[in-house]
Amino acid sequence: MESLGAATTRFGLHLFKELNKVNKGNVFFSPVSISTAIGMLLLGARGATAAQLQKLLFSEQDTENSRIKAEEKEIEKTEEIHHQFQMFLSEISKLTNNHELKIANRLFGEKTYLFLQKYLDYVEKYYHASLEPVDFINAADESRKKINSWVESQTHEKVKDLFPDATLSSSIKLVLVNVVYFKGRWDREFKKEHTKEEEFWLNKDTSKPVLMMTQRHTFSFTFLEDLQAKILGIPYKNSELSLFVLLPNDIDGLEKIINEVSPEELEEWTRPGRMERRPVDLRLPRFELEDSYDLEAPLAALGMGEAFSELQADYSGMSSRSGLSAQKFLHRSSLVLTEEGTEATAATGVSYGVSSGPSYETVHCNHPFLFLIRHNESNSALFFGRFSSP
């Protein structure tokens, strides 16, 4: 079975391509956050719903092969998925002085609704998530505010109103939330006195001023001849995490790359042994991004439609009562990138209801580029985005 790191990179790129169809400006989200939320869904899903979620998270070939094996093998594989999440979350939670990296999960359940104790035990074991009883029936809006308040507290108030007004009703039985918070310092900081205003080209005809950070240093670098693009790896302190920038040579070259690049290629290009250490003349905009997405449509397009169907969804592993389906799948994220480093957050919420070389390489990021922030130990894509408009 593919590793969680490979799975998050693949899932992140597929989801980005879906978001790219309707978002022509900046895009920013956390593949790890969304994958973890889907993992918690998978834990309570059964039958065709479970197969669909598993196929979305891990490679199709894997899933197809597993279907023709004995039922024990199927169970074993699902357990392996949850075990990988458990190992990853434990790895992330290890304390470090170099950065703040936190992933937190929580379930908010209608206090009168009976959830299976086995599900609650397993979601605690694998996803470090506990269930907090709330009163959706009589106080849906108060419950919404309580959930949003928890998300704010976990992200140093960077993610607010994950669930906007009127998004949770009295028919909601369960809200499942995943939060990622990261604040890291560069291994080698940019000097503020070198930051100057420059033009950032949205296309060949239009530009906007940005504050462009500059440094000359040795970085991990790859030139992609076929795509006419460059990849640069910028490490954070202690190299536990890195920011990778995929920059086309041409101002209008990003769309071609998005259409042609595969997850396998992206993972291969950024492998530690694959990139060379080169002297680089780097210019990178100082920027902030904040975005929110209703992920139901893009996830359904990727094959998760049944999870949202009141008639077809099977979450009998969560509750013996029928009719439970995912009603909302919301994701909000923010990023601040400065001379010192990066601060990034994301939160995903799913609600359920019952129907009802001494020569320097030049990497001048003055036109649209892709980027991802990776946890190097697990090779997992924490954040994925496109910067195309200051």
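The values are calculated or read from the model by the stated rules, or taken from the named source; none is laboratory data. Since the model is a prediction, treat every value here as computed from it, not as a measurement. Heads up, the Cβs are rebuilt from the backbone with ideal geometry, glycines too, and the neighbour counts pull from every protein chain shown. In case anyone asks, the SASA skips ligands and DNA or RNA and just uses the protein heavy atoms, side chains included. Shrake-Rupley method; radii C 1.70, N 1.55, O 1.52, S 1.80 Å.
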Query raised in the report: Would you pick out the residues in the stretch 197-224 that are assigned to a strand (DSSP E or B) and of a type in the set (A, V, I, L, M, F, W, C)?
Result: Phe200, Trp201, Val210, Leu211, Met212, Met213, Phe219, Phe221, Phe223, Leu224
Requested in this report: Among the residues of the stretch 314-332, write down those that are closer than 24 Å to Arg10 by Cβ and at pLDDT 85 or above.
Outcome: Phe329, Leu330, His331, Arg332
**Report entry** the stretch 159-175: number of residues that are at negative phi and surrounded by fewer than 22 Cβ atoms within 10 Å (Cβ to Cβ)
**Finding:** 7
Report summary line: Those residues of the stretch 327-344 which are outside any loop (DSSP other than H, G, I, E, B) and polar (S, T, N, Q) amount to Gln327, Ser333, Ser334, Thr342
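Table: residues versus (1) part of a strand (DSSP E or B); (2) open to solvent by less than 50 Å² (accessible area, probe 1.4 Å).
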| residue | (1), (2) |
| --- | --- |
| Glu265 | no, no |
| Leu284 | yes, yes |
| Leu289 | yes, yes |
| Pro298 | no, yes |
| Leu311 | no, no |
| Ser325 | yes, yes |
| Ala346 | yes, yes |
Requested in this report: Determine whether Leu246 is part of a loop (DSSP other than H, G, I, E, B) and open to solvent by less than 30 Å² (accessible area, probe 1.4 Å).
Outcome: no
Report summary line: How many residues of the stretch 212-240 are among the hydroxyl-bearing types (Ser, Thr, Tyr), surrounded by fewer than 18 Cβ atoms within 10 Å (Cβ to Cβ) and under 25 Å from the mean Cα position of the chain (by Cα)? The answer is 1
Requested in this report: Could you check Thr112 against (1) at pLDDT below 90; (2) open to solvent by 50 Å² or more (accessible area, probe 1.4 Å); (3) more than 30 Å from Phe182 (Cα to Cα); (4) of a type in the set (Ser, Thr, Tyr) and say which number it fails?
Outcome: (1)
Report summary line: Among helices (runs of 4 or more DSSP H) entirely within the stretch 1-83, at least 2 residues that are modelled with pLDDT of 80 or more and open to solvent by less than 10 Å² (accessible area, probe 1.4 Å) occur in 4-22, 31-44, 47-57
Requested in this report: Select from the stretch 362-383 the residues that are out of contact with any Lys or Arg (no Cβ under 8 Å at 6 or more places or on another chain) and in a loop (DSSP other than H, G, I, E, B) and write down the one among them that is surrounded by the most Cβ atoms within 10 Å (Cβ to Cβ).
Outcome: His367
Query raised in the report: Condition test on Gly303, is it of a type in the set (Gly, Ala, Ser) and at positive phi?
Result: yes
